[in-house]
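Trainee: The structure's right below; bear with me while I get my questions together.
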């Protein structure tokens, strides 16, 4: 099978929030059982059998609740020679996020560390969706603390991410204005709600709502890119990629299919805290590394995974990680994403 390039590893189910938008809530809310989190030694055994990875995304739950998060990064770096590590966080643990990021940057020189902090609206809207008063201010405090570290460490990038639902749709542009005016970060990337949210009353925007929002957001992306240190050509190509990705979101929300087969379980896969392996976050487990001598590739080569990959070829979703890997894995889609066109077609 093709080389696994990206791994999404849910390092813990533990979380200090109960967000209404969470697609992983069934796992987070599951009563504690016998399934223990993979130990550092078990994680090292998995990494040792993976080979080289392009990127590693450590998620949760809240990943910074793992006391050994920096050690996990170091083990994957040593075993898999990863080029970038992506850490999404709700930003509540300000006193922990900054020193852990500093330790990772110190121990892994040359690795790009991408911190994505969640802000799902201006203060009142964000706190309502996250179910915790003060969560907006805590995330902002974390972003500002990280900005100081970012000025010392060029390998650190800070992004703000926003999950767009019908409830916060009209607050996304005011938030975009606020972020641009008040935070020293590298970008702000809204994307539609995916999966089954903890609050069943929440739903993603309609295709038309998303198209209107995307058209209004693209100038913000242009300004973020102009702030960066990229060349003019690289800024133009990056902007075209944003536009293409936003077009794909609209296409999926309209009920259309992707212009390329999904690569879930081929170039990108998911590892869960207890060792379960999924092709993507929204599909059932296809095995467990604890039952395969910590050989994740062996799990992905099994019969269940093969059947899952065949079924997934026609899947459509709005998960940026899987869409971006799919774009990079298919030459036609990759070339289209670089072209200066308005958006991917929706028919």
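The values are calculated or read from the model by the stated rules, or taken from the named source; none is laboratory data. Treat the numbers as computed from the prediction; the structure is a model and nothing was measured. Positions of Cβ are backbone-derived with ideal geometry, glycine not excepted, and every protein chain shown enters the neighbour counts.
Trainee: Mind telling me which of the residues 18, 30, 112, 78 ends up being in contact with a strand residue (DSSP E or B) (Cβ under 9 Å, 6 or more places away or on another chain), on the phi < 0 side of the Ramachandran plot and surrounded by fewer than 18 Cβ atoms within 10 Å (Cβ to Cβ)?
Mentor: Working: 18 fails: in contact with a strand residue (DSSP E or B) (Cβ under 9 Å, 6 or more places away or on another chain); 30 fails: in contact with a strand residue (DSSP E or B) (Cβ under 9 Å, 6 or more places away or on another chain); 78 fails: in contact with a strand residue (DSSP E or B) (Cβ under 9 Å, 6 or more places away or on another chain).
That would be 112, the only listed residue that is in contact with a strand residue (DSSP E or B) (Cβ under 9 Å, 6 or more places away or on another chain), on the phi < 0 side of the Ramachandran plot and surrounded by fewer than 18 Cβ atoms within 10 Å (Cβ to Cβ).
Condition check ((1) surrounded by fewer than 22 Cβ atoms within 10 Å (Cβ to Cβ); (2) over 30 Å from residue 9 (Cβ atoms)) across all residues:
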site: 178; (1), (2): yes, yes
site: 192; (1), (2): no, no
site: 211; (1), (2): yes, yes
site: 215; (1), (2): yes, yes
site: 228; (1), (2): yes, no
site: 251; (1), (2): no, no
site: 279; (1), (2): no, no
site: 284; (1), (2): yes, no
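Trainee: Next question, about the same structure. In the range 122-156, how many are touching a strand residue (DSSP E or B) at 6+ places or on another chain (Cβ under 7 Å) and under 29 Å from residue 209 (Cβ atoms)?
Mentor: Adding up the residues that qualify gives 2.
Trainee: Just give me the residues in the range 25-52 being at pLDDT below 90 and part of a loop (DSSP other than H, G, I, E, B), in sequence order.
Mentor: If the condition is that a residue be at pLDDT below 90 and part of a loop (DSSP other than H, G, I, E, B), then 29, 30, 31, 32, 33, 34, 35 are the ones that fit.
Trainee: Against the definition (in the same structural domain as residue 24 (by TED's automatic domain parsing) and closer than 30 Å to residue 131 by Cα), how does residue 252 come out, yes or no? Give the steps one after another, and end with the answer.
Mentor: Numbers: in the same structural domain as residue 24 (by TED's automatic domain parsing): no; closer than 30 Å to residue 131 by Cα: yes.
It is false that residue 252 is in the same structural domain as residue 24 (by TED's automatic domain parsing) and closer than 30 Å to residue 131 by Cα.
Trainee: Please work out which one of (1) modelled with pLDDT under 95; (2) closer than 26 Å to residue 116 by Cβ; (3) not assigned by TED's automatic domain parsing to the domain that holds residue 234 is the condition residue 296 fails and give its number.
Mentor: (1)
Trainee: Which condition number does residue 238 fail, the rest of (1) under 20 Å from the mean Cα position of the chain (by Cα); (2) assigned to a loop (DSSP other than H, G, I, E, B); (3) surrounded by fewer than 19 Cβ atoms within 10 Å (Cβ to Cβ) being met?
Mentor: Residue 238 satisfies every listed condition except (2).
Trainee: Can residue 144 be described as farther than 18 Å from residue 87 by Cα and assigned to a helix (DSSP H, G or I)?
Mentor: No, not satisfied.
Trainee: Oh, and also: Which numbered condition in (1) modelled with pLDDT of 95 or more; (2) within 16 Å of residue 320 (Cα to Cα); (3) assigned to a helix (DSSP H, G or I) is the only one that residue 204 fails?
Mentor: It is condition (3) that residue 204 fails.
Trainee: Mind checking whether some residue in the range 226-233 is over 29 Å from residue 61 (Cβ atoms), in a helix (DSSP H, G or I) and touching a residue at least 60 places away in the same chain (Cβ under 8 Å)? Outline the logic, then answer.
Mentor: Kept after step one, since they are over 29 Å from residue 61 (Cβ atoms), are these residues of the range 226-233: 226-233.
Checking which are in a helix (DSSP H, G or I) leaves us with 226-227, 232-233.
Filter again for touching a residue at least 60 places away in the same chain (Cβ under 8 Å), leaving none.
Looking for residues that are over 29 Å from residue 61 (Cβ atoms), in a helix (DSSP H, G or I) and touching a residue at least 60 places away in the same chain (Cβ under 8 Å), one finds none in the range 226-233, hence no.
Trainee: Name the residues in the range 149-171 that are part of a helix (DSSP H, G or I) and either without any contact (Cβ under 8 Å) to a residue 40 or more places away in the chain or buried (at least 22 other Cβ atoms within 10 Å of the Cβ) (or both), would you?
Mentor: Once the filter is applied, which keeps residues that are part of a helix (DSSP H, G or I) and either without any contact (Cβ under 8 Å) to a residue 40 or more places away in the chain or buried (at least 22 other Cβ atoms within 10 Å of the Cβ) (or both), the range 149-171 yields 150, 151, 152, 170.
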